[in-house]
Amino acid sequence: MKSTNGPRFFRWGLYALAFFLGTFLLVVQKSLPDIKTEFVIGEPAPRTVFSPIHVSFVDEEETARLRREKEAGVLSVYSLDPRVEREISSETEKQIGEAGLEKPEAREEVSKAVARLVEKFLKEGVFPDSVKEKLSGSGTLRIELGDSEGRAEAPREVKSLVTVSEARAKAAALLDREGFKDRPVRSTALEIFSKALRPNLVFDEAKTKERLKQAADSVPPAAEVVKRGEMIVQRGLLVTAEDQERLRQVRKKMAKKQVQSRLVSSALFIFLGLLVTALYLGQFEPREQNSPAFLALVLTVFGVTLGVEKAALLFPNSSVYLLPGAVAAILLTLLRGPGLGILGALAVSIFSAPLAEFRIDILLMILLGSLTAVFAARGIRKRIQFFRLGLVVGLVNTLALAAYSFFQEWEFREALGITPLGLANGFLVTMLSFFLVPLLESLFNLTTDITLLELSDLNHPLLKKMVVEAPGTYHHSLVVSTLAEAASEAIGANALLARVGCYFHDIGKIARSEYFTENQTPQTGNKHEKLTPSMSSLVVMNHVKDGITLARKYKLKEVIVRFIPEHQGQGIVYYFYRKALDQAAPGEKVNPDDFRYPGPKPQSRETAVALLADSVEAASRSLKEVSPAVIRTLVRKIINDKFIDGQLDECDLTLKNLHKIQESFVQNLTAIFHTRVNYPVAQPDPHQPDLFESDQFSKFH
């Protein structure tokens, strides 16, 4: 038993995809105009605005201002660099050794003096001259110092910091106070110290940034509250930056709330529409609902319709009255019939509710226009008839809008302003359908009555080829198509499809036309006389395979190609089967399946009618006596034999249908084989020339 899990999962996958895409289409909205272009700072407000909701938000500009103020109070951090002191000590020791001091006592005194100077100034920190000048020039009065281990000390006044030049200037006085009186020692120590001295206070960028961040973080966000019903801006008053920000925040929160509400609403309506679709298909299209291509077609039509509706709303200066909701009903009616067209009308009316903002006049217009389109589109066989369809749908839309406006007691001028939009909607719908039908036909390999009518042109290359290479088959096909069309009309099937399908049902005979009785002449003789029954049946049955190959080559629609194998079903080539039985040796068994067409059996009412018409037309050619009673007996026998053989088991024909088909065949065959009265034969005039006698015009030369 074949598992149905695959198709079922695929089906629900399509529904899920349609749900998410449909919800997305309904939620996406046209962006609101920028508040800055409507309310310009420094210009009078064009209108008074009251807040419809309560909004609390952070004033980013005010928060940033407060944080900048806080950061302005943060002192820059300068840290002592311990490496500088070590490098200076090492350098001074080296210079003392190179100073040429002969006495050890003098060398020791110089070393002490230099060490005291280094300890005094570098422990407190030596500042670069240029940096102090820069800080003083920028108005910075204090900085924060860090010790050699990174610990913070108390803030220091910039003016109290000692620079390199100031340290050199103060060094001599310091040595005097420290008791270094020996002039050579003092002079040498000052010279060595001055050469080695350099700044050891450096800007600590990392710590400064950390202090700035801590200061900014310590400032809480500046909260702003706009109460519901509070006036934000008054018409005519100048708009301030604060007004503009409050307007922006209110609109931002409203947009967010609207998106959330619209998302939930749209998801529910898409779900309801898809639920209606699933229930409808399960009830009225049980065989088709498991077909991925069929379901994909239905959902694609819904998606395309929602897409064009959304596009109509996003278009500048668009009107909600131009929502082309009837597109789905028209497309499904033309592509698959009025039953699905009604489904399209119902489902799209549900899907369109959020787009129409739940306005009853718009939804009524879409529903009534769509239902009207289903009935008006049934008879479309020419593209020019789309104009009539647009007119009918537009008039119904106009009447629906007019009825609603009268019920609401609108002003006449207001009602007159919207009713023409209903007419415009009808023509917009048909224009979109006109262009979408061929695209969907090609995408899903479908055939509308419009395409069938185009295929019914007897100047089709295949039919012209048949009339030349297989004229008997061509004539047979025309008669069969006439019988099938009338019978299909009688049972309510697609008569145009039956006629066009029968035009091409025997195109496979073109390749070996001389092997088929209708194309044989006394000159060609019967090719089967030299073949065995099994070989003859193989040649005959191959016309189905050859026909399918030829149909694919000429790119015939799939619905037409189905007539080629299904008009034979799985019937037996009875003539050659009977001949094989007659030629079989005593005790030899002949397998009837060797003489049976591969099928499939007819899957539709139209191909089943073609099977019966083909058999009846072929059998009627062998009648020696033609009368209504004889024709009725023949038709009844053939239909009964096909029914008993099970050839009609897989189509939807009922016994009532078979009775109507029989009556139609009898009526048309009787008309085809009608008798005429015997006309009196005139005596030939010996002086009258015979056009077919040689040289009969020689006397006129």
Q: First compute the accessible area of the chain with a 1.4 Å probe, then give the percent of it belonging to carbon and sulfur atoms.
A: 57
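How much of the calculated P(r) for the chain lies past 52 Å, in percent of all Cα pairs?
Details: 125232 of 245350 pairs.
Considering the chain, 51 percent of its Cα-Cα pairs are separated by more than 52 Å.
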(Q) Can you compute the helix-only [θ] at 222 nm over the chain? Use -39500 (n - 2.57) per DSSP H run of at least 4 residues, normalise by all residues, nearest 500 deg cm²/dmol. (A) -20500 deg cm²/dmol
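Tell me the trypsin sites (Lys or Arg not before Pro) within region 181-211 that lie in a loop according to DSSP and have at most 14 other beta-carbon atoms within 10 Å. Could the numbers behind the result be given before it?
Values: sites: K181, R186, K195, K207, K209, R211; in loops: K181.
Passing both the DSSP loop test and the Cβ count: K181.
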Q. Region 231-292 to region 366-380: how many Å between their Cα centroids?
A. 29
Q. Which angle from 0 to 90°, rounded to the nearest 10, does the C-alpha axis of helix 338-351 make with the longest principal axis of the chain?
A. 20
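Give me the mean projected area, in nm² to one decimal, of the convex hull enclosing the Cα positions of region 320-379. Please report the intermediate quantities before stating the final value.
Numbers: hull surface 13.5 nm².
Across all orientations, region 320-379 yields a mean hull projection of 3.4 nm².
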Q.
Could you sort the peptides 519-525, 435-441, 375-381 by per-residue average Cβ neighbour count (10 Å cutoff), highest mean leading?
A. 375-381, 435-441, 519-525
Q: Enumerate the calculated ³J(HN,Hα) couplings along region 484-494 in order (Karplus 6.51 cos²θ - 1.76 cosθ + 1.60, θ = phi - 60°), each rounded to whole Hz, writing x wherever the residue is Gly or Pro.
A: 5, 5, 5, 5, 5, 4, 5, 9, x, 8, 7
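Tell me, what is the per residue accessible area of region 162-221 in Å², probe radius 1.4 Å?
Working: 3420 Å² over 60 residues.
Value returned for region 162-221: 57 Å² of accessible area per residue.
Averaged per residue, what accessible area in Å² does region 455-539 show with a 1.4 Å probe, protein chains only? Write down the numbers at each step before the final one.
Numbers: 3650 Å² over 85 residues.
Accessible area per residue, region 455-539: 43 Å².
What is region 361-429 by shape, rounded, prolate or oblate, if you read a ≥ b ≥ c off the alpha carbon gyration tensor as root eigenvalues and call it rounded for a/c under 1.5, prolate for a/b larger than b/c, and oblate otherwise? Spell out each step's value before the answer.
On the way: a/c = 3.53, a/b = 2.17, b/c = 1.63.
In terms of gyration-tensor shape, prolate.
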Q) To the nearest Å, what is the center-to-center distance of region 408-446 and region 584-653, using C-alpha atoms only? A) 49
**Q.** About the Cα centre, charge dipole magnitude for region 489-604 (Lys/Arg +1, Asp/Glu -1 at Cβ), debye
**A.** 360
**Q.** Kirkwood hydrodynamic radius (C-alpha pairs) into Stokes-Einstein, region 176-273, 4 °C and 1.567 mPa s, D in µm²/s
**A.** 59
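Can you tell me which of 43-51, 114-122 comes out highest on packing, and rank the rest after it, using the mean Cβ neighbours within 10 Å?
Going by the mean number of other Cβ atoms within 10 Å, highest first, we get 114-122, 43-51.
Which trypsin sites (Lys or Arg not before Pro) in region 213-322 pass both tests, a DSSP loop state and at most 12 other beta-carbon atoms within 10 Å?
Details: sites: K213, K227, R228, R235, R246, R248, R251, K252, K253, K256, K257, R262, R287, K310; in loops: K227, R228, R235, R287.
Answer in residue order: K227, R228, R235, R287.
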Q: Note the angle between two axes, namely the Cα long axis of helix 205-217 and the longest principal axis of the Cα atoms of the chain, as a number of degrees from 0 to 90, rounded to the nearest 10.
A: 70
**Q.** Percent breakdown of C-alpha pair distances by 10 Å bin, ordered from the shortest bin, for region 500-595
**A.** 15, 40, 31, 12, 2
Q. Under a 5 Å amide H to amide H cut-off, with H placed in plane at 1.01 Å, what residues pair with V126 once short-range neighbours are removed?
A. N200, L201
(Q) Per residue, how much accessible surface does region 247-320 expose to a 1.4 Å probe? Answer in Å², no decimals. (A) 53
Q. What are the lysines whose alpha-carbon lies under 17 Å from the alpha-carbon of K637, with same-chain residues fewer than 8 places away excluded?
A. K624, K656, K660
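The values are calculated or read from the model by the stated rules, or taken from the named source; none is laboratory data. These figures come from a predicted structure and were not determined experimentally. Cβ sites come from the backbone with ideal geometry, for glycine too, and all protein chains shown count toward neighbours. To get the accessible areas, we keep the full protein, side chains included, count just its heavy atoms, and leave off ligands, DNA and RNA. Shrake-Rupley method; radii C 1.70, N 1.55, O 1.52, S 1.80 Å.
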